[in-house]
1. Say the cut-off is 23 Å between C-alpha atoms; which of Lys30/Lys62; Lys13/Lys96; Lys26/Lys49; Lys4/Lys26; Lys13/Lys62 go over it?
2. Give me the extension gain from Arg116 to Glu37: residue separation times 0.36 nm, minus the current Cα-Cα distance, reported in nm with one decimal.
3. Where does the chain land at 222 nm, in deg cm²/dmol rounded to the nearest 500, when only DSSP H runs of n ≥ 4 count, each adding -39500 (n - 2.57), divided by all residues?
4. Would you be so kind as to identify all helices of the chain, as entire DSSP H runs, whose Cα atoms reach 15 Å or more along the helix's own axis and whose mean Kyte-Doolittle hydropathy is at least -0.5?
5. Among Met53, Met5, what's the order by accessible area (1.4 angstrom probe), most exposed first?
6. Of the residues Lys59, Lys126, Lys13, which exhibits the maximal mean-square fluctuation in a Gaussian network model of the chain defined by a 10 Å Cα contact cut-off?
7. Looking at the chain as a GNM with Cα springs under 10 Å, which of Phe122, Phe102, Phe65 has the largest mean-square fluctuation?
8. For the chain, modelled as a Gaussian network with Cα springs under 10 Å, which listed residue fluctuates most, Arg18, Arg87, Arg116?
Amino acid sequence: MSTKMIQSSGKRKSAIARAILRYPAKSEIKINNVPLEIYQPEISRSRIKEVLMIANHEKVDKCNFEISVEGGGIQGQTEAVRMAIARGLNELIGTKTIEQTFREYDDSLLSGDERRTESKHFGGKKARARRQKSFR
């Protein structure tokens, strides 16, 4: 039996996660070559495990995930990793029920969040801040 490889990606703010899913395999999850069991902080670890518990499919236990994530902060990277895993599992399992399960739990697991930071405009130090006027 040949190994099936699926590539998926997830984005959140400026964090980008790229995941390679291998099936069948030993059920290892590595994020930037760090196993999920020792990935820090703990809140991120539990949020990533959440996606695997939601999927609740026998194929999940036989998948290897190799994820590289860069950019953004800790929470942005966590959300990007969650999205990459969910998209990969959705493609691997490929049923309407798994997609429906992910969407019912959190729509951003498959769709993402298109919000980005607004760029700076002329006349101020930041995107919305302006030079104050005084009429005295």
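1. Where the Cα-Cα span goes over 23 Å, the pairs concerned are Lys13/Lys96; Lys13/Lys62.
2. 25.3 nm
3. Helix-only estimate at 222 nm: -10500 deg cm²/dmol.
4. Working: long enough: 42-55 (20 Å, 0.26); 74-93 (28 Å, 0.23).
Span-like helices, by this rule, are 42-55, 74-93.
5. Met53, Met5
6. Among Lys59, Lys126, Lys13, the largest GNM mean-square fluctuation belongs to Lys126.
7. In this elastic network of the chain, the residue with the biggest mean-square fluctuation among Phe122, Phe102, Phe65 is Phe122.
8. Comparing Arg18, Arg87, Arg116 in the GNM, the peak value goes to Arg116.
The values are calculated or read from the model by the stated rules, or taken from the named source; none is laboratory data. Predicted model only: the values in this text are computed from it and were never measured. Positions of Cβ are backbone-derived with ideal geometry, glycine not excepted, and every protein chain shown enters the neighbour counts. Remember, those area values only see protein heavy atoms, side chains included, never the ligands or the DNA or RNA. Shrake-Rupley method; radii C 1.70, N 1.55, O 1.52, S 1.80 Å.
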